[in-house]
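In what follows, a structure is listed as structure tokens, so that the remarks can point back to it.
The values are calculated or read from the model by the stated rules, or taken from the named source; none is laboratory data. Worth saying up front: this structure is predicted, and the values here are computed from it rather than measured. Neighbour counts run over all protein chains shown; Cβ positions are idealised from the backbone, glycine included.
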Amino acid sequence: MSSNNIESGLIENRLFAPSEEFTKNARINAEKLAALHQQADTDYTGFWAQQANEMLDWHKPFSNVLDDSNAPLYSWFNDGELNVSYNCIDRHLTNNANKNAIIFEGEQGDTTFITYLQLHQRVSAFANALKERGIKSGDRVVIYMPMTPEAVISMQACARIGAIHSVVFGGFSADSLRDRINDAGAKMLITADGGHRGGKIVELKSAADKALEGGCPSIESVIVYQRTQHDIKMQAGRDIWWHDAVSEQSDHCEPVWVNAEHPLFLLYTSGSTGKPKGIQHSSAGYLLGAAVTNSWVFDLKDDDVFWCTADVGWITGHTYVAYGPLAVGSTIVIYEGAPTVPDAGRFWKMVQDHKVSVFYTAPTAIRALMKLGDNFPNAYDLSSLRLLGTVGEPINPEAWIWYHEVIGKGKCPIVDTWWQTETGSNMIAPIPGVVATKPGSCTKALPGIMADVVDEDGNSISEANRGGYLVITKPFPSMLRTIWGDDERYKDTYYPKFDGRFYLAGDSARKDADGYFWIMGRIDDVLNVSGHRLGTMEIESALVSHELVAEAAVVGKPHEVKGESIFAYVVLKGERPAGGIDEELTKTLRNWVGEQIGAIAKPDEIRYADNLPKTRSGKIMRRLLRTIAKGEEITSDTSTLENESILDQLQGKA
Ligand code: WTA
């Protein structure tokens, strides 16, 4: 891609300043923000050292701040020691032992309240159960759980003993789970009999069984949390129920002090190749990013109730559910199920019932709920809300305005937060009491985050609204440390250009005349479907692994609710179906992809052709395929196409 290809879209100029009242009570006011930026700009490492000392409790203080001697394999605070679970739980016991850490609601309406003291006991007991089953510092543990407090307890228990967790989203298939277990070399799997979602049971244990049957030699034991109580198989000698594993355990477990750089977790995410990559995060740097952004961006204060709707299977559920809000001593809401059960008022009823004050969700959820009408939110008292957030994809102005007016009643600032699995925490986002927002812009980089838009040669683009590569020009504490087991892939993926000077995010962006960032989309072959990252290559590999498929190309097509939908062009080994339509086969292939990756990766549309459009040099013409998927007229030059006659097939005309 060249930056000339990045065209900037609509210019949105409405400006929304926070109310005086919000600003008056906010943690960060204009003066404080200016001072933070000033310090970060003049004394970068001093700035981060001070934040690390103020925000985190250290067992052994650090003296090194940033070590860039092995760039781009950076490390931070690397002679210090701490424990993440201690920072999220223990240190709040003195003043907040009886404060709710977690408010949980199951899809069927059951609620559980867990105080910091109870969380401490439950995490400690479970950590002891892990130890009893041979888990030690540095061992990998895969977590494949429904969205219940036990997911967070599992993560915190791993952190407590220095085990490295890797949470696999419950919507991923058995095959995806197996690949991740094997790549991580996990010794243990923590799962559940199932979870409730959309009025159905998500069959987690049977998927886990299937994954393990396919060969996961490193797994020694499986702990199964009983949630749905439906019939599942337990394998003697390997599987144990959660309640049995903890029943005899002490609720005291001394935290294992780890080096600041000790890996806290791996989280697999899609890239532009067929194989998901295990993003490796550190303990201290990651937690620091999580803590400062929960404080600066979400403005969390002692009486807040924070509901981030993300599943713990994604990075947002790590940083804004399982770790960050707890690190700053807040109360989180966890919801197990779907937003439309029993109806589209579920989120808003929960906001009312639990007096949620800060609410963070994805544009796709906002658009879906917006479509179902204002009656749902209007039926509930949303006056507890004071701050709203979005993440995962650009939010279109229409959805932004709806969120602002119908949910926020015009009084809640909206923090549109740009960041990635790799960055660990918010990078570009408004400080809500200070920065006026514009619908669709994530505004400006946070203090200590040096973001820029550069051209092909790495020069900063000063011209307003000219698109380019979004980069972060200095290493920052919460950034990924590497790709698990593959430093070379880490370097090639994130530092491929500009002499390794900048972290390349993989997004294109522009800055407007006020210096506000506008994210324009991915520059690689990664789709953003309902805020979830999916590599086109991954879906293509899944398709071609089916015995009937010879070749496949997958592109994104703009979608009103999901942001992007998945459009696949398939060449079969046998005859092309008459007229290019075969509904049965399409169903089979969709289910096949569902089994290979997970339901979220199922193509929405499949079109069959005799060949794929390729240049004479054999490259698939993806831009052409995107144009066709959108149903737009083909204006690009197709004369280099090897077989021009397939255009009609690709367009569904023949
Ligand atoms: C996109 C999710 C526009 C972007 C935290 C990024 C966004 C990818 C925004 C990372 C936003 C995330 N506005 N686009 N506020 N936030 N993105 O790793 O393309 O699941 O590179 O992390 O989502 O997705 P990931």
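Of all the numbered requirements in (1) away from the ligand (no atom under 15 Å from the Cβ); (2) crowded, with 21+ Cβ neighbours inside 10 Å; (3) not hydrophobic (A, V, I, L, M, F, W, C), HIS532 misses one, and that requirement is (1).
Per the listing GLU547, GLU540, GLU551, the residue uniquely over 21 Å from LYS275 (Cβ atoms), over 18 Å from the mean Cα position of the chain (by Cα) and either modelled with pLDDT under 95 or acidic (Asp, Glu) (or both) is GLU547. GLY515 meets each of the listed conditions (1) under 30 Å from GLY574 (Cα atoms); (2) away from the ligand (no atom under 12 Å from the Cβ) apart from (1). Does GLU551 satisfy being surrounded by fewer than 23 Cβ atoms within 10 Å (Cβ to Cβ), of a type outside the set (A, V, I, L, M) and touching a Leu at 6+ places or on another chain (Cβ under 7 Å)? When the stated conditions are applied, GLU551 passes them.
Rundown of residues vs (1) in contact (Cβ under 8 Å) with a residue 24 or more places away in the chain; (2) of a type in the set (Val, Ile, Thr); (3) more than 25 Å from LEU372 (Cβ to Cβ); (4) away from the ligand (no atom under 16 Å from the Cβ), yes/no style:
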residue: ASP304; (1), (2), (3), (4): yes, no, yes, yes
residue: THR309; (1), (2), (3), (4): yes, yes, no, no
residue: VAL312; (1), (2), (3), (4): yes, yes, yes, no
residue: LEU326; (1), (2), (3), (4): yes, no, yes, yes
residue: THR340; (1), (2), (3), (4): yes, yes, no, yes
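Elements of the type strands (runs of 3 or more DSSP E) sitting completely within the range 209-275 and holding at least 1 residues that are under 24 Å from ILE89 (Cβ atoms), in contact (Cβ under 8 Å) with a residue 40 or more places away in the chain and of a type in the set (A, V, I, L, M, F, W, C): these cover 221-225, 265-269. Of the residues that make up the range 55-74, is at least one assigned to a helix (DSSP H, G or I) and out of contact with any Pro (no Cβ under 6 Å at 6 or more places or on another chain)? Scanning the range 55-74, I find at least one residue that is assigned to a helix (DSSP H, G or I) and out of contact with any Pro (no Cβ under 6 Å at 6 or more places or on another chain), so the answer is yes.
In the condition set (1) in a loop (DSSP other than H, G, I, E, B); (2) buried (at least 24 other Cβ atoms within 10 Å of the Cβ), ASN87 is compliant with all but (1).
Helices (runs of 4 or more DSSP H) fully within the range 295-378 that include at least 2 residues being over 20 Å from the mean Cα position of the chain (by Cα): 346-354, 363-371, 375-378. Look at LYS444 and say whether it is surrounded by 19 or more Cβ atoms within 10 Å (Cβ to Cβ), of a type in the set (Lys, Arg) and either under 19 Å from the mean Cα position of the chain (by Cα) or over 23 Å from GLN38 (Cβ atoms) (or both). Spelling it out, it is not the case that LYS444 is surrounded by 19 or more Cβ atoms within 10 Å (Cβ to Cβ), of a type in the set (Lys, Arg) and either under 19 Å from the mean Cα position of the chain (by Cα) or over 23 Å from GLN38 (Cβ atoms) (or both).
State yes or no: is ASP507 within 11 Å of the ligand (Cβ to nearest atom), of a type outside the set (Val, Ile, Thr) and part of a loop (DSSP other than H, G, I, E, B)? No, not satisfied. Taking into account only those residues within the range 39-65 that are aliphatic (A, V, I, L, M) and touching a helix residue (DSSP H, G or I) at 6+ places or on another chain (Cβ under 8 Å), which is surrounded by the most Cβ atoms within 10 Å (Cβ to Cβ)? Result: ALA52. Name the single residue, out of those in the range 598-615 being of a type outside the set (Asp, Glu) and farther than 18 Å from ILE634 by Cβ, that is nearest to the chain's Cα centre (by Cα). Filtering first and then ranking leaves ILE600. For GLY289, the criteria (1) assigned to a loop (DSSP other than H, G, I, E, B); (2) within 16 Å of the ligand (Cβ to nearest atom) hold in every case but one, which is (1). Can you find a residue that is surrounded by 23 or more Cβ atoms within 10 Å (Cβ to Cβ) and not β-branched (Val, Ile, Thr) anywhere in the range 328-343? Yes, the range 328-343 contains a residue that is surrounded by 23 or more Cβ atoms within 10 Å (Cβ to Cβ) and not β-branched (Val, Ile, Thr). Just for the range 342-378: of the residues that are touching a Lys or Arg at 6+ places or on another chain (Cβ under 8 Å) and modelled with pLDDT of 95 or more, which one is nearest to SER295 (Cα to Cα)? By that ranking, first place goes to VAL358.
Only one of the numbered conditions (1) buried (at least 21 other Cβ atoms within 10 Å of the Cβ); (2) more than 16 Å from the ligand (Cβ to nearest atom) is violated by LEU372, and that is (1). Within the range 460-469, being more than 16 Å from the ligand (Cβ to nearest atom) and part of a loop (DSSP other than H, G, I, E, B) holds for ILE461, SER462, GLU463, ALA464, ASN465, ARG466.
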